[in-house]
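Remarks on the structure that follows.
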């Protein structure tokens with residue numbers, strides 16, 4: 001009798017786990033997690049942009065603190081991006097509504113903050129040059145581009161959306177990629 005009850009328990013659990021409502025719960029949890037990951041990247045980018053804006057260049061009284069803040073910001077974004085990347089890899093394939101939610105959130109957040117952050121960094125190129133930190137800024141941009149490329153690819157591989165949502169997703173990924181690559185090009189010249 002005990003064996004029969006254990007079998008019934010496992011059969012019931014397997015049925016519940018394969019039900020559409022369980023799949024919906026799992027994909028909604030994945031969507032919520034991925035949206036939070038994107039929010040964390042956006043928050044990190046905004047903090048980094050503020051640190052870049054405050055970067056004084058050769059004013060040695062505040063240079064050390066400001067310089068560390070800028071490069072700590074790159075490290076912070078790298079960490080939250082890698083979490084997002086891992087979450088995207090572990091995510092089930094998302095349906096159109098979930099894919100649209102992620103694309104819309106990306107457009108509204110990092111689709112704006114990353115290009116603005118790169119613009120702020122480019123505006124401080126002379127200050128970074130005066131401090132001898134152009135190679136470090138360039139390395140940071142290259143790391144962030146790698147992070148963006150890998151996270152975006154993993155995330156887009158989990159979307160299952162209508163053509164218009166797919167096009168919008170690809171467009172925001174391209175916008176971010178072009179901004180970061182533009183920064184790399186600018187700091188390389």
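The values are calculated or read from the model by the stated rules, or taken from the named source; none is laboratory data. Treat the numbers as computed from the prediction; the structure is a model and nothing was measured. Ideal geometry is used to build each Cβ from the backbone, glycine not excepted, and the neighbour counts take in all protein chains shown.
Looking at the structure I just gave you, is residue 115 out of contact with any strand residue (DSSP E or B) (no Cβ under 7 Å at 6 or more places or on another chain), at pLDDT below 95 and in a helix (DSSP H, G or I)?
It is false that residue 115 is out of contact with any strand residue (DSSP E or B) (no Cβ under 7 Å at 6 or more places or on another chain), at pLDDT below 95 and in a helix (DSSP H, G or I).
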Next item on the list: Report, by residue number, each residue of region 129-156 that is within 30 Å of residue 28 (Cβ to Cβ) and touching a helix residue (DSSP H, G or I) at 6+ places or on another chain (Cβ under 8 Å).
Entry: 144, 147, 148, 149, 150, 151, 152, 154, 155, 156
Next item on the list: Test residue 87 against the stated conditions and say whether it is in a helix (DSSP H, G or I), crowded, with 17+ Cβ neighbours inside 10 Å and at pLDDT 95 or above.
Entry: yes
Note to self: For region 104-118, give me the residue count where each residue is more than 23 Å from residue 164 (Cβ to Cβ) and buried (at least 19 other Cβ atoms within 10 Å of the Cβ).
What the structure shows: 3
Margin query: Let me confirm something: among 185, 104, 164, which residue is part of a helix (DSSP H, G or I), modelled with pLDDT under 95 and out of contact with any helix residue (DSSP H, G or I) (no Cβ under 7 Å at 6 or more places or on another chain)?
Written below: 164
Check: Counting just the residues of region 128-145 that are surrounded by fewer than 19 Cβ atoms within 10 Å (Cβ to Cβ) and either in contact (Cβ under 8 Å) with a residue 12 or more places away in the chain or outside any helix (DSSP H, G or I) (or both), which one comes out farthest from the chain's Cα centre (by Cα)?
Finding: 130
Notebook entry, point to check: So is residue 155 closer than 21 Å to residue 49 by Cβ and assigned to a helix (DSSP H, G or I) or not?
Noted result: no
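So which of 20, 92 ends up being modelled with pLDDT of 60 or more and more than 17 Å from the chain's Cα centre (by Cα)?
The unique qualifying residue is 92.
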Next item on the list: Scan (1) touching a residue at least 12 places away in the same chain (Cβ under 8 Å); (2) surrounded by fewer than 16 Cβ atoms within 10 Å (Cβ to Cβ) for the single condition residue 148 breaks and write down its number.
Entry: (2)
Checklist line | Selected residue [surrounded by 15 or more Cβ atoms within 10 Å (Cβ to Cβ), within 19 Å of the chain's Cα centre (by Cα) and at pLDDT below 95] from 49, 33, 43 | finding: 49
